[in-house]
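Working notes, structure below.
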Amino acid sequence: MNLNIQKKRVEPFLKWAGGKSQLLEQFKSLFPKEGSYRRYIEPFIGGGAVFFYLEPKEAIISDLNKDLIEAYKIVKSHPKELISLLKKYEKQHSKEFYLKIRDEYNANKLDKINKAAHLIYLNKTCFNGLYRVNSKGEFNVPFGQHKKFTVNKEGILAASKILKKTKIEHTDFTQVLKNAKKGDFVYFDPPYYPLNTGSNFTTYTRENFLEKEQEKLKETFKKLDARGCILMLSNSDTPYIRKLYKEWNITKVSAKRFINCIAEKRGDVFEVVVRNYK
């Protein structure tokens with residue numbers, strides 16, 4: 001890990017609910033020491049803020065959101081073709097163009113490069129950078145009233161360079177962690193347990209992640225701990241999560257909630273970081 005603040009950090013090429021960019025300053029002292037782990041594994045990659053910050057020499061990332069994972073693969077292997085398409089979108093950007101792109105994306109007839117370009121464009125121009133699908137799996141977020149769409153060419157190329165050293169998988173967290181070994185650093189950033197039963201946000205995939213899934217994740221955490229993996233996990237600060245991970249070190253951090261359709265409900269929120277190391 002490179003903590004040199006002069007070094008320009010690679011930014012995630014997508015905005016994702018629960019993204020950790022705003023927490024990196026608080027995470028600095030919580031990450032394992034540089035050189036103390038062999039390989040980095042992140043099974044709920046999302047926007048990948050921690051992954052891009054650490055710039056691991058060897059990594060495995062995965063997620064259950066297939067379109068998200070395909071976008072990572074395209075950034076890795078075809079960044080110039082992707083940038084070329086996004087440059088065209090730059091010139092055509094408007095509400096009407098957004099709706100056209102959204103319809104094409106949901107029709108599911110695009111090749112992988114076009115699909116990735118559509119996802120990035122929609123992510124950058126939709127309302128509040130929200131990824132949400134309906135019960136049919138269709139992206140249904142309205143236009144975000146953005147006057148401009150600008151391609152972050154340098155950001156995509158920098159992300160591609162890091163991803164060249166990374167194995168990218170579309171799979172469940174239990175599958176990607178089967179081969180985790182002693183000395184691997186695993187960072188978990190799962191869908192958070194809701195702060196209250198009414199706050200359950202329409203998920204990034206159509207699958208829910210409630211008590212059953214949270215307990216399955218905790219059992220995986222426990223198995224990897226016994227295996228000698230270095231573990232760090234983020235989740236909501238609730239009595240349920242604290243009880244679930246009471247065997248390990250729990251640190252409270254504060255974040256701002258930006259993704260909520262009701263402006264008054266955006267603001268400071270507390271999260272926990274669970275670690276099996278000090």
Does any residue in the stretch 266-278 that is over 16 Å from Gly18 (Cα atoms) come within less than 8 Å, Cβ to Cβ, of a residue that is of a type in the set (Asp, Glu) and modelled with pLDDT of 95 or more six or more places away or on a different chain, and which pairs are these? Asn276/Asp225
I need a count of the residues in the stretch 83-107 that are touching a residue at least 24 places away in the same chain (Cβ under 8 Å), within 21 Å of Val141 (Cβ to Cβ) and assigned to a helix (DSSP H, G or I). 10
With respect to Gly35, determine if the residue is without any contact (Cβ under 8 Å) to a residue 12 or more places away in the chain, part of a loop (DSSP other than H, G, I, E, B) and not acidic (Asp, Glu). yes
Take the residues in the stretch 108-133 that are part of a loop (DSSP other than H, G, I, E, B) and on the phi < 0 side of the Ramachandran plot; name whichever of them is surrounded by the most Cβ atoms within 10 Å (Cβ to Cβ). Tyr131
Given the options Lys147, Lys178, Lys136, name the one that is of a type in the set (Lys, Arg), part of a loop (DSSP other than H, G, I, E, B), assigned by TED's automatic domain parsing to the domain that holds Leu233 and without any contact (Cβ under 8 Å) to a residue 60 or more places away in the chain. Lys178
Can you go through Gly47, Gly155 and tell me which one is part of a loop (DSSP other than H, G, I, E, B), within 22 Å of the chain's Cα centre (by Cα), surrounded by 14 or more Cβ atoms within 10 Å (Cβ to Cβ) and not β-branched (Val, Ile, Thr)? Gly47
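The values are calculated or read from the model by the stated rules, or taken from the named source; none is laboratory data. This one's a predicted model, so the numbers in the text were calculated from it and none came from an experiment. Cβ coordinates were reconstructed from backbone atoms using ideal geometry, including for glycine residues, and neighbour counts include every protein chain displayed.
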